[in-house]
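The values are calculated or read from the model by the stated rules, or taken from the named source; none is laboratory data. Not measured: the values here are computed from a predicted model. Here Cβ is always computed from backbone atoms with ideal geometry, including for glycine, and neighbour counts include all displayed protein chains. Just the protein is used for accessible areas: all its heavy atoms, side chains included, with ligands, DNA and RNA removed. Shrake-Rupley method; radii C 1.70, N 1.55, O 1.52, S 1.80 Å.
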Amino acid sequence: MDFERVRRFAEIRREYGSGYINLNPIQRGGILSEAARRALLEFGDGYSVCDWCPPKTPRLDMIKRPPIADLYQDIAEFLGMDVVRVVTRCREAKFIAFRMLGKPGDYVVVDANAHYSTYLAAELAGLRVKEIPHSGYPDYRVLVELYEDKIKEVIRETGKPPAAALLTHVDHNYGNLSDAKAVSDICHRFGVPFVLNAAYTAGVMPVNGRELGVDVLVSSGHKSWAASAPTGILALTEEIAKVVLARSSIVGDWSGKSFPEKELALLGCTVMGAPLASLMASFPYVVERVQRWGEEVEKARYLCQQLERIEETRVLGEKPKRHTLMQVESLGLYEVSKKHKRRGYFLYDELKARKITGIQPGLTKHFKLNTYGLSWEEVRYVAASFIEIAEKYGLGVS
Ligand SMILES: *Cc1c(COP(=O)(O)O)cnc(C)c1O
């Protein structure tokens, strides 16, 4: 073992920590509250939440000190769902739902704006996908009314409805907000469990699963709940929980051992330390911050309008925006990059010089950003910086 090589790992530092405005879409909703930062240290050791695991029902959701059982109940109430489990990631929650609701070879219907992890979750669960198309350039709206046709198509092809239908509430490419109620109405007419992927919504904006007719709501703690990775939310109705949280029934053929209290798809327990503590400590802050969603959208609309002042630049997706994530298309900045010696990296360099990070290095023609949680002062600074960069390279600004 090369000890010099190994020792440097002990010195890791965050390159873009404090001091930078980070516009990376996946980072904004996962910035910790002060309480979560303290909890992370307090619960940093291994299985730190397991000191009081109840001997008769040794399961994470049964722990009362720290109050994990209460947290799960309160998250369920917050989301308008009946039963909640914290799992490692949104994708794990999707996998668990697909695996438990379907049989290998079954279909799951998904929107064409779905995240790659939705497809992989379906694939690992042995399911096939049928996609709901979107409207294409420049809006990319999911054509939600087509869930009915797709469900019928699956019934024609296989003789039975799909195992589930999933809608991405807000997608990761355009930040479009899709009509969950319209999809749940269709699903329920055909008896199809409706999965809402709230990775970019629950935890930053108000989401009520009961009002939206959701059977399974999944979300991401590190993306939208001011929590450390890995944390995910799996929220269920009472009825669906019976299927998804089915208990283990295996029996050791020699020992006779069995584990009837363990929830099979969770492999017993999930997040048993610091990340769960961070999610818990941030929860009061999250409950409060979703009430300020309206102002977050206003800030996004302001930046959108400012960016579109730049020559040949537009924000893709639905407008006016109803979410803080946006994809910018800038043929103007792209033209600049063609002549610049740093090519597309010039934009990254210029932003970095202004203490702004999170736009993917090298991109100019299409790039994504998220204003969630920035102060008005920061949003104005970001807008002014883009305009200054555009003017510096001779682009017109209206
Ligand atoms: C980010 C994202 C995910 C992945 O979340 P993880 O918690 O990292 O698994 C899934 N779906 C959507 C729509 C996302 O935007």
*asked:* Just to verify a result, which residue in region 93-108, among those that are within 16 Å of the ligand (Cβ to nearest atom) and surrounded by 22 or more Cβ atoms within 10 Å (Cβ to Cβ), is nearest to ASN173 (Cα to Cα)?
replied: LYS94
*Is it the case that some residue within region 309-317 is within 20 Å of GLY29 (Cα to Cα), outside the structural domain of LEU177 (by TED's automatic domain parsing) and of a type in the set (Lys, Arg)?*
no
_I'd like to verify a number: residues in region 145-173 that are under 24 Å from LEU236 (Cα atoms) and within 16 Å of the ligand (Cβ to nearest atom), how many?_
9
_Can you pull out every residue in region 62-87 that is within 16 Å of the ligand (Cβ to nearest atom) and in contact with a strand residue (DSSP E or B) (Cβ under 6 Å, 6 or more places away or on another chain)?_
ILE75, LEU79, VAL84, ARG85, VAL87
*Any pair with Cβ under 6 angstrom, 6 or more apart, that starts in region 161-187 at a residue that is outside the structural domain of ALA121 (by TED's automatic domain parsing) and ends at one that is within 11 Å of the ligand (Cβ to nearest atom) and not in a loop (DSSP other than H, G, I, E, B)*: none
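Taking region 360-374 on its own, how many of its residues are part of a strand (DSSP E or B), more than 18 Å from the chain's Cα centre (by Cα) and within 27 Å of ALA226 (Cβ to Cβ)? First the steps, then the outcome.
Step one: of region 360-374, the residues part of a strand (DSSP E or B) are 366-370.
Applying the additional criterion that residues be more than 18 Å from the chain's Cα centre (by Cα) yields 366-367.
Cutting the leftovers down to within 27 Å of ALA226 (Cβ to Cβ) gives us 367.
Selection size over region 360-374: 1.
Being surrounded by fewer than 20 Cβ atoms within 10 Å (Cβ to Cβ), modelled with pLDDT of 95 or more, assigned by TED's automatic domain parsing to the domain that holds ILE233 and out of contact with any Ser or Thr (no Cβ under 7 Å at 6 or more places or on another chain) narrows it down to one of PRO284, PRO361, PRO320, so name that one.
Values: PRO361 fails: assigned by TED's automatic domain parsing to the domain that holds ILE233; PRO320 fails: assigned by TED's automatic domain parsing to the domain that holds ILE233.
Result: PRO284 is the single residue among PRO284, PRO361, PRO320 that is surrounded by fewer than 20 Cβ atoms within 10 Å (Cβ to Cβ), modelled with pLDDT of 95 or more, assigned by TED's automatic domain parsing to the domain that holds ILE233 and out of contact with any Ser or Thr (no Cβ under 7 Å at 6 or more places or on another chain).
Only one residue in ALA227, ALA199 is out of contact with any Phe, Trp or Tyr (no Cβ under 7 Å at 6 or more places or on another chain), open to solvent by less than 10 Å² (accessible area, probe 1.4 Å), within 12 Å of the ligand (Cβ to nearest atom) and not in a strand (DSSP E or B), so which one is that?
Values: ALA199 fails: open to solvent by less than 10 Å² (accessible area, probe 1.4 Å).
When all the criteria are applied, what remains is ALA227.
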*Odd one out for GLU34 among (1) of a type in the set (Asp, Glu); (2) more than 30 Å from ARG65 (Cβ to Cβ); (3) within 25 Å of the chain's Cα centre (by Cα)*: (2)
